[in-house]
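So the structure is just underneath, and the comments pick up after that.
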Amino acid sequence: MSVPTKTVPTKQDLQLDTGRRRSMRVLLSVPIYVTGQNREGQKFEEQTRTLVVNAHGALISLAAKVIAEQRIQVSNRATRKVMDCRVVYVGNPAAGKMQMGVEFIEPCPSFWQIDFPPEDWVVPED
């Protein structure tokens with residue numbers, strides 16, 4: 001009788017997996033302040049919160065109408081730190097707001113004031 005074994009991927013395996021995210025997603029509601037220009041070119045300022053964060057950006061909900069690849073600024077209201085970001089995903093509108101993925105122009109894992117799991121961290125299977 002053979003016993004099933006679980007193999008833990010090596011760091012090399014993780015680097016070769018092109019479908020794997022660059023950093024772990026964390027469900028975290030952080031108060032933020034977003035500024036930029038909407039798709040009509042008008043300046044906007046909006047207070048909102050993150051839905052999900054990672055070391056490279058966040059998923060946010062925003063009333064301002066923006067487009068993919070547009071640059072905006074995100075300010076962490078707790079620390080007052082500001083990051084230049086690029087809109088990388090724009091979802092469908094819901095309740096007057098749109099969910100959008102934003103990516104930091106320069107990665108900044110400390111921006112959200114949390115410790116992310118290491119790159120080689122693997123979620124144990126039950």
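We did not get these values from a lab; they are worked out from the coordinates using the rules stated. Keep in mind that this is a model prediction, so the values were computed, not measured. Please note: Cβ atoms are built from the backbone with ideal geometry, for glycine as well, and neighbour counts cover all protein chains shown.
Are there GluC sites (Glu not before Pro) in segment 34-126 that DSSP puts in a loop and that have at most 15 other Cβ atoms within 10 Å, and which ones?
For GluC sites (Glu not before Pro) across segment 34-126 that sit outside H, G, I, E and B with at most 15 neighbouring Cβ atoms in 10 Å, the list reads GLU40, GLU69, GLU119, GLU125.
Near PHE44, the amide H atoms lying under 5 Å from its own belong to GLY36, GLN37, ASN38; only residues 5 or more places off or on other chains count, and H is placed 1.01 Å from N. Here the extension length gained between TYR89 and SER110 equals 5.3 nm, from 0.36 nm per residue of separation less the Cα-Cα distance.
Close amide H contacts of ILE72 (hydrogens built in the peptide plane, cut-off under 5 Å, sequence separation of 5 or more or a different chain): CYS85, ARG86, VAL87. Scalar couplings 3J(HN,Hα) for segment 88-103, obtained by applying the Karplus form with A = 6.51, B = -1.76, C = 1.60 to θ = phi - 60°, are 10, 8, 10, x, 7, x, 8, 6, x, 10, 10, 7, 8, x, 10, 10 Hz; x denotes Gly and Pro. Along segment 66-74 the Karplus relation, 6.51 cos²θ - 1.76 cosθ + 1.60 evaluated at θ = phi - 60°, assigns HN-Hα couplings of 10, 10, 4, 6, 6, 9, 9, 10, 10 Hz to successive residues, with x for each Gly and Pro. Model label points for LYS97 and GLN37, set 7 angstrom from Cα along the Cα-to-Cβ axis, are 2.5 nm apart. Database remark: amide H of ARG77 closer than 5 angstrom to the amide H of ILE32, TYR33 (H placed geometrically; neighbours at sequence offset of 5 or more, or on other chains; Pro and chain starts carry no H). Phi angles of segment 51-59 translate, via the Karplus equation with coefficients 6.51, -1.76, 1.60 and θ = phi - 60°, into HN-Hα couplings of 9, 9, 10, 8, 5, 10, x, 6, 9 Hz per residue; Gly and Pro are given as x. Taking Cβ atoms as reference points and 13 Å as the exclusive limit, the residues near MET83 contribute a net charge of +2, counting Lys and Arg as +1 and Asp and Glu as -1.
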